[in-house]
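The values are calculated or read from the model by the stated rules, or taken from the named source; none is laboratory data. Worth saying up front: this structure is predicted, and the values here are computed from it rather than measured. Every residue, glycine as well, gets a Cβ built from its backbone with ideal geometry; the counts of neighbours run over all protein chains shown.
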Amino acid sequence: MKTITLVIFGAFLYFANAEFTVSLLTGSDGVITSTFTDSVFLSLPPCSLAGQSVNLQYNNTATKEIKTLRDIFKVPLCRFRRALAVVTETNGHFIITKELGYQVKDLTNGTQYSLQYIVGAERSNVLEATTKTASDYAQLDEGLPAHSGAMVVITVLLSVAMFLLVLGLIVTLFLSNSDD
C-alpha cells in the first residue's frame, strides 16, 4: 500500500510541477516518426502563450550535460494549426501548409535526453526521448567482397551473345556484298 501511495504521490508532484504538457509528435500529427539519429520532433506549447519567446532546456542523461536554447521561436497564434516544422502539400489547385512541431537538432546518436520548454515563468513537463541508434558505415559488413557465381555466369553469357551478334553482323555484311 505504501508503494502505491508513493507512486501516486510522485506522479502528482511530477505533473503538478508542469504548467503545460509537451509530447513527441506521432503519426496522427502527420509525421512518420518523431525520433531520428540526431534529432527529435516536439509538440508546441499551448497557444494561450501566443507571442511569447520559447526556451528549450535539455540534458543528455548519460553525460548530465545541460543545454539551454534561448528564444528558439515564438509561440504561434491559436487560429492556425500550430507548430514550426512546416510541410506543404498541393492538391492540384491549392497549396496547404501544415505546421507540425519543433525539431531539436544536433543531438547524439543513440542517447536519452530530458527535454523541457520554458515560456516566460511557465515550464512544461519533462519529456524523456531517446535518439535512434545508427551503425557507423565503416563498420558495416560488405558480405562477399568478390563477384558471386551468378554474376560470373551472366557476364560469360552476355559476352558469348555479343560475340555471336558481332559475328552474325560481319557474315551478313559479307554475304550482302557478294550478291552484287
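Count of the stretch 107-146 residues, restricted to those that are farther than 17 Å from Ala62 by Cβ, in a loop (DSSP other than H, G, I, E, B) and either in contact with a helix residue (DSSP H, G or I) (Cβ under 8 Å, 6 or more places away or on another chain) or among the basic types (Lys, Arg) (or both), is 2. Limited to the stretch 32-68, what total is found for residues that are small (Gly, Ala, Ser) and part of a strand (DSSP E or B)? Within the stretch 32-68, residues that are small (Gly, Ala, Ser) and part of a strand (DSSP E or B) number 1. Looking only at the stretch 17-60, which residues are under 22 Å from Thr131 (Cβ atoms), among the aliphatic types (A, V, I, L, M), surrounded by 14 or more Cβ atoms within 10 Å (Cβ to Cβ) and at pLDDT below 80? Hit for the stretch 17-60 is Val31, nothing else. Among (1) modelled with pLDDT of 85 or more; (2) under 25 Å from Ser135 (Cα atoms); (3) not basic (Lys, Arg), where does Phe73 come up short? Single failed check for Phe73: (2).
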